[in-house]
Amino acid sequence: MATSADRFIESFDRVLRALFVPPAAAREMPRPSAPQPVLDAAQRRHSAGLMRVNHVGEVCAQALYSGQAAATRDETLRAELLEAGREEGDHLAWTANRLRELHSRPSLLNPAWYAGAYAMGWLAGKAGDAVSLGFVVETEKQVEEHLAKHLESLPVEDHASRAVVDAMRLDEIRHGQNARDAGAAELPSIVGTAMRGAARVMTTTAYWI
């Protein structure tokens with residue numbers, strides 16, 4: 001069983017990996033079957049803004065799962081949360097790589113996003129495992145909706161970004177279902193509303209900064 005010191009070290013290691021170490025994916029980055037046309041400057045800026053938002057979302061996912069894993073005393077649930085975090089790590093690497101391909105950069109506010117998301121995850125974990133799983137369900141539901149909107153907003157010609165976003169969307173749906181199957185509690189509607197408000201602030205800011 002992991003000790004408090006073990007959990008602290010693991011959490012600190014995940015902070016460093018999420019924010020300061022170039023992420024590496026365990027799975028191959030999704031690629032489109034169609035050739036990628038050259039995007040004009042406006043299309044590239046818009047795609048980069050959306051992929052920066054998605055990269056921030058994956059930074060927050062690392063933090064959320066880390067905070068929840070640190071708070072739970074159920075070793076089985078802890079292992080499941082960390083495994084989901086590792087899968088989200090693929091998304092982190094994919095979005096970082098796509099940003100480089102678009103000649104852009106991640107959000108300059110990533111440390112702040114990580115800190116806020118970790119605190120939310122830890123508080124959700126401390127509220128109990130069923131609540132923590134319910135938080136996963138609501139988070140993944142909102143992320144899936146957000147990614148679906150990005151598929152509508154991305155330039156039609158940006159096949160490369162679309163392939164990444166669609167693969168991420170399917171993973172998020174599966175993570176949410178896994179949390180439901182594990183016994184997630186239904187959260188009060190006000191929690192979902194508050195989460196949407198916080199996400200709106202993050203996505204609006206991260207598109208530019």
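Values computed for the structure shown
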{"read-out": "Average Cα contact separation per residue, the chain, under 8 Å, 6 or more apart, as relative contact order %", "value": "29 percent"}
{"read-out": "Whole-number percent relative contact order across the stretch 140-204, with pairs defined as alpha carbons under 8 Å at least 6 apart", "value": "38 percent"}
{"read-out": "Phi to ³J(HN,Hα) by Karplus 6.51 cos²θ - 1.76 cosθ + 1.60 over the stretch 160-166, Hz, x for Gly, Pro", "value": "5, 5, 4, 5, 5, 5, 5"}
{"read-out": "Ranking of GLU28, GLU88 by count of other Cβ atoms within 10 Å, fewest first", "value": "GLU28, GLU88"}
{"read-out": "Exposed trypsin sites (Lys or Arg not before Pro) absent: longest stretch of the chain, with sites in DSSP loops and at most 15 other Cβ within 10 Å deemed exposed", "value": "74-209"}
{"read-out": "Where GluC sites (Glu not before Pro) fall in DSSP loop in the stretch 150-202, at most 15 other Cβ within 10 Å", "value": "GLU186"}
{"read-out": "Selected from ALA184, ALA25, ALA96 as most flexible by GNM, with the chain as the system and alpha-carbon contacts under 10 Å", "value": "ALA25"}
{"read-out": "Stretch in the chain that is longest and holds no chymotrypsin sites (Phe, Trp or Tyr not before Pro) that DSSP places in a loop and that have at most 14 other beta carbons within 10 Å", "value": "21-207"}
{"read-out": "The chain - Rg (one decimal) and Dmax (whole number), Cα, Å", "value": "16.7, 54"}
{"read-out": "Centroid-to-centroid separation of the stretch 145-208 and the stretch 35-105 [C-alpha atoms, Å]", "value": "11 Å"}
{"read-out": "Farthest toward positive dipole pole in the chain [+1 Lys/Arg, -1 Asp/Glu at C-beta], among VAL143, GLY116, LEU133", "value": "GLY116"}
{"read-out": "3J(HN,Hα) from dihedral phi, the stretch 99-109, Karplus parametrisation 6.51/-1.76/1.60, rounded to Hz, x for glycine, proline", "value": "4, 4, 5, 8, 6, 10, 9, x, 5, 6, 9"}
{"read-out": "Charged-residue dipole, Cβ positions (Lys, Arg, Asp, Glu), the chain about Cα centre, Debye nearest 20", "value": "640 debye"}
{"read-out": "Within the chain, helix-based [θ] at 222 nm, where runs of 4 or more DSSP H residues each add -39,500 (n - 2.57), nearest 500", "value": "-26500 deg cm²/dmol"}
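Taken together, the values in this text are just the output of simple stated rules run on the coordinates, not laboratory data. The shown structure was predicted, so the numbers you read here are calculated from the model rather than taken from an experiment. As a convention, Cβ positions derive from the backbone with ideal geometry for all residues, glycine included, and neighbour counts pool all protein chains shown.
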